[in-house]
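*Asks:* Structure in structure tokens, see below.
FYI, it's all coordinate maths here, none of it is from the lab. All values derive from a computational prediction rather than experimental measurement. Cβ placement follows ideal geometry from the backbone for every residue including glycine, while neighbour counts extend to all protein chains displayed.
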Amino acid sequence: MVVAQKHIAILGSTGSIGTQTLEVISLHPQQFKVAVLTAQSNAVLLIQQALEFLPFHVVIGDESQYSHVKQALAHLPIEVHAGAKSLEYVVCLDEVDVVLTALVGYAGLLPTVRAIEAKKPIALANKETLVVAGALIMPLAAKMGVPILPVDSEHSAIFQCLMGESHNPIEKVILTASGGPFRSWKREQLAKVTREQALKHPNWTMGAKITIDSASLMNKGLEVIEAAWLFQVKASQIDVVVHPQSIVHSLVQFQDGSIKAQLGLPDMKLPIQFALAYPNRLEVDFPRFNFAAYPNLTFEEPDMATFRNLGLAFEALDKGGNMPCILNAANEIAVAAFLADKIGFLEMSDLISETMERGTFLENPTLEDYVQSDQLSRELATQWVVNNSK
Ligand code: NAD
Ligand code: MG
């Protein structure tokens, strides 16, 4: 069977997911070609990637680096753009077949909206987009007939468990969580956690923000909200179970009580490749999982009293409207403040919970409302940091 080569726009190509996506594309040059590469500030790596993969367009977010990137690529037929607005432009170009959103945080929202409006299928790594505005993104994607293919490993697992089950209602989705580096730690220990300790994840090498989110269980909270939108389930239909080995990537329970799981070694290249190649599975020689090497796959309840972020995310999902947008903005400020050593590990939850209390609730936000709500919540959260800095 001859399958047309897909042209991929990678938003955030210099990050953890972005670079692994380029590895996947290198393995399958017949199937994929890079159409667009973008980075916020790492111009050196962006230029190196552009020289290797020869995309049609590159975007450097930091406008002060535009002339540097432009000059380095001047001898090639590559258009160079700069600034956040350019992301909204490049995703819509005819040269693009699929947009893989590997940029971090709220910045993913507007480019994803524009890509869907331009009828580009989305391979979604940027979970924050659905957390902030799932209520807007999912109906828009349905209206435009655009698939949203999950890259997040848990959601890819659920998506795979649901293949062939479209007529069967979901009773529950069960998200697995590694528990992060502080699993089974108590509050007294967490109060003293340093940035360096929090940046060491036991099973995955990822960008700084998601690594801190994983340590605080906010990553799982964001994934609960992401799952609610992707699979159209209520908060009460989502369970989280801690599985430190990260082999069972997630599960779906059906109405007859039967449970399907998807398993494999923890390697983000697998869900990335699955999203890009869907509905096909491409042959690769990555190491295979061996049951005998993992005689103990263990499962336990998450400690939501100690790791409050997970409960806050469930609360935001339950409340609906712009509450997950407020939660997300407050969390982005909290993580940045923790990484800058301005607040402690446990204070991240205090900041998020207080911002949720003080933010203005909107039941049915428009896109403009989300943009404004993100901005206002950041201001509230930043003020909290100023008032409570170490
Ligand atoms: P990262 O920090 O390694 O990379 C982020 C990328 O986004 C970089 O290319 C950076 O230049 C770009 N970027 C940063 N800020 C930007 C902005 N304001 N505007 C435009 N571009 C910007 O992050 P990552 O670990 O690759 O994660 C990317 C996304 O994928 C996140 O939403 C994360 O939650 C999700 N995700 C990551 C993993 C993983 O294993 N790393 C797994 C599942 C989901
Ligand atoms: Mg995940």
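*Asks:* Add +1 for every Lys or Arg and -1 for every Asp or Glu among the other residues with Cβ under 13 Å from the Cβ of ARG308, and state the total. Spell out each step's value before the answer.
*Replies:* Values: positive: ARG187, LYS220; negative: ASP303, GLU315, GLU347, ASP350, GLU354.
Net charge in that neighbourhood comes out at -3.
*Asks:* Here is a further query. Given the options GLY145, GLY321, GLY257, which has the most mean-square fluctuation in a GNM of the chain, springs set between C-alpha atoms less than 10 angstrom apart?
*Replies:* So, out of GLY145, GLY321, GLY257, the one fluctuating most is GLY257.
*Asks:* Compute, for segment 344-390, the length of the dipole vector about the Cα centre, with Cβ point charges of +1 (Lys, Arg) and -1 (Asp, Glu) only. Units Debye, rounded to 20.
*Replies:* On the way: 3 positive and 9 negative charges, 47 e Å.
The calculated dipole for segment 344-390 is roughly 220 debye.
*Asks:* Also, quick follow-up: Rounded, prolate or oblate, given the Cα gyration tensor of segment 6-122, with a/c below 1.5 counting as rounded?
*Replies:* Rounded, since a/c falls under 1.5.
*Asks:* Work through the residues other than LEU100 whose Cβ is under 14 Å from its Cβ and net out their charges, Lys, Arg +1 and Asp, Glu -1.
*Replies:* Values: positive: LYS6, LYS33, LYS120, LYS127, LYS269; negative: GLU23, ASP97, ASP152.
So the surrounding residues net to +2.
*Asks:* Can you give me the Cα centroid spacing of segment 148-165 and segment 306-356 in angstrom?
*Replies:* Segment 148-165 and segment 306-356 have Cα centres separated by 26 Å.
*Asks:* Further, regarding this structure: Just grab the label-to-label distance for ASN168 and TYR294, each label 7 Å out from Cα along the Cβ direction, in nm (one decimal).
*Replies:* Between ASN168 and TYR294, the label points sit 2.2 nm apart.
*Asks:* According to a simple spin-label model (label point 7 Å from Cα along Cα-to-Cβ), what is the distance in nm between GLU63 and LYS234?
*Replies:* So the two model labels end up 4.8 nm from each other.
*Asks:* Taking just the alpha carbons, could you work out the radius of gyration and Dmax for the chain, both in angstroms?
*Replies:* 20.4, 63
*Asks:* Using the 10 angstrom Cβ neighbour count as an exposure proxy, how do CYS325, CYS161 rank, fewest first? Intermediate results must be reported in sequence, preceding the final value.
*Replies:* On the way: CYS325 29, CYS161 23.
With the fewest neighbours first, CYS325, CYS161 line up as CYS161, CYS325.
*Asks:* Got a sec? Charge dipole of segment 6-150, +1 on Cβ for Lys and Arg, -1 for Asp and Glu; which of LEU37, HIS68, ILE116 is way out at the positive end?
*Replies:* Of the options given, the answer is ILE116.
*Asks:* Restricting the count to DSSP beta bridges whose residues both fall in the chain, what percent are antiparallel, rounded to a multiple of 5?
*Replies:* Details: 11 of 40 bridges.
The antiparallel proportion sits near 30 percent.
*Asks:* I've got another one for you. Between LEU87, LEU310, LEU27, which gets the highest mean-square fluctuation from a Gaussian network model of the chain, Cα cutoff 10 Å?
*Replies:* In this elastic network of the chain, the residue with the biggest mean-square fluctuation among LEU87, LEU310, LEU27 is LEU27.
*Asks:* Over segment 175-254, what relative contact order in percent results from Cα pairs under 8 Å that are six or more residues apart? Walk me through the numbers on the way to the answer.
*Replies:* Values: 77 pairs, mean separation 39.1, N = 80.
Relative contact order of segment 175-254: 49 percent.
*Asks:* Put +1 on the Cβ of each Lys and Arg and -1 on the Cβ of each Asp and Glu in the chain; which of GLN375, HIS81, ASN328 then has its Cα farthest toward the positive end of the dipole?
*Replies:* HIS81
*Asks:* When you count, for each residue, the other Cβ atoms within 10 Å and take the mean per peptide, how do 189-195, 121-127 rank with the highest first?
*Replies:* Answer by packing, highest mean first, reads 121-127, 189-195.
*Asks:* With +1 on each Lys and Arg Cβ and -1 on each Asp and Glu Cβ, and nothing else charged, work out how big the dipole of the chain is about its Cα centre, in Debye to the nearest 20. If you can, show how the numbers build up before the last one.
*Replies:* Details: 29 positive and 41 negative charges, 87 e Å.
Charge dipole, the chain, about its Cα centre: 420 debye, nearest 20.
*Asks:* Counting other C-beta atoms within 10 Å, which of GLU128, GLU363, GLU52 has the fewest, and how do the rest follow? Could you put the intermediate results ahead of the total?
*Replies:* Numbers: GLU128 30, GLU363 9, GLU52 12.
Exposure proxy ranking, most exposed first: GLU363, GLU52, GLU128.
*Asks:* Counting other beta carbons within 10 Å of each residue's own, what order do SER86, SER250, SER64 fall into, fewest first? It would help to have the intermediate numbers written out before the result.
*Replies:* Working: SER86 22, SER250 28, SER64 10.
Going from least to most buried by this count: SER64, SER86, SER250.
*Asks:* Using only helices, what value at 222 nm comes out for the chain when you add -39,500 (n - 2.57) per DSSP H run of length 4 or more and divide by the total residues, to the nearest 500 deg cm²/dmol?
*Replies:* Numbers: 16 runs with 176 residues, N = 390.
The helix contribution divided over the chain gives -13500 deg cm²/dmol.
*Asks:* Would you mind putting 65-76, 6-17, 350-361 in packing order, based on average other-beta-carbon counts within 10 Å, highest first? Intermediate results must be reported in sequence, preceding the final value.
*Replies:* Values: 65-76: 15.2, 6-17: 25.1, 350-361: 17.8.
For the peptides 65-76, 6-17, 350-361, the packing ranking is 6-17, 350-361, 65-76.
*Asks:* For segment 108-198, rounded, prolate or oblate, judged on the Cα gyration tensor with a ≥ b ≥ c (square roots of eigenvalues), a/c < 1.5 rounded, else prolate if a/b > b/c? Mind showing how you got there, number by number?
*Replies:* Numbers: a/c = 3.09, a/b = 1.66, b/c = 1.85.
In terms of gyration-tensor shape, oblate.
*Asks:* With each label point set 7 Å from Cα along the Cα-Cβ vector, what nm distance links ASP94 and LEU54?
*Replies:* Going by the 7 Å Cα→Cβ label model, 2.1 nm.
*Asks:* Output the relative contact order of the chain, whole-number percent, from Cα pairs under 8 angstrom with separation of 6+ residues. Could you put the intermediate results ahead of the total?
*Replies:* On the way: 701 pairs, mean separation 56.2, N = 390.
That works out to 14 percent.
*Asks:* Sticking with this structure for a sec: Identify which of PHE231, PHE338, PHE307 has the largest mean-square fluctuation in a Gaussian network model of the chain, with springs joining Cα atoms closer than 10 Å.
*Replies:* Taking springs between Cα atoms under 10 Å, the residue moving most is PHE231.
*Asks:* So for segment 175-247, what are the equivalent ellipsoid semi-axes in whole Å, largest first, each being the square root of 5 times an eigenvalue of the Cα gyration tensor?
*Replies:* Numbers: eigenvalues 111, 33, 27 Å².
Square roots of five times the eigenvalues give 24, 13, 12 Å.
*Asks:* Please give every one of the aspartates and glutamates within straight-line cross-link reach of LYS143, meaning a C-alpha to C-alpha distance under 13 Å, and leave out same-chain neighbours fewer than 8 residues apart.
*Replies:* LYS143 reaches GLU117.
*Asks:* Find the relative contact order for segment 6-150 and round it to a whole percent, using C-alpha pairs within less than 8 Å whose residues are 6+ positions apart. Present the calculation step by step, with values, prior to reporting the outcome.
*Replies:* Working: 277 pairs, mean separation 31.7, N = 145.
Relative contact order here is 22 percent.
*Asks:* What's the local net charge at ILE116, with K and R +1, D and E -1, over the other residues with C-beta under 15 Å away?
*Replies:* Working: positive: ARG114, LYS119, LYS120, LYS143; negative: GLU88, ASP97, GLU117.
Charge balance near ILE116 sits at +1.
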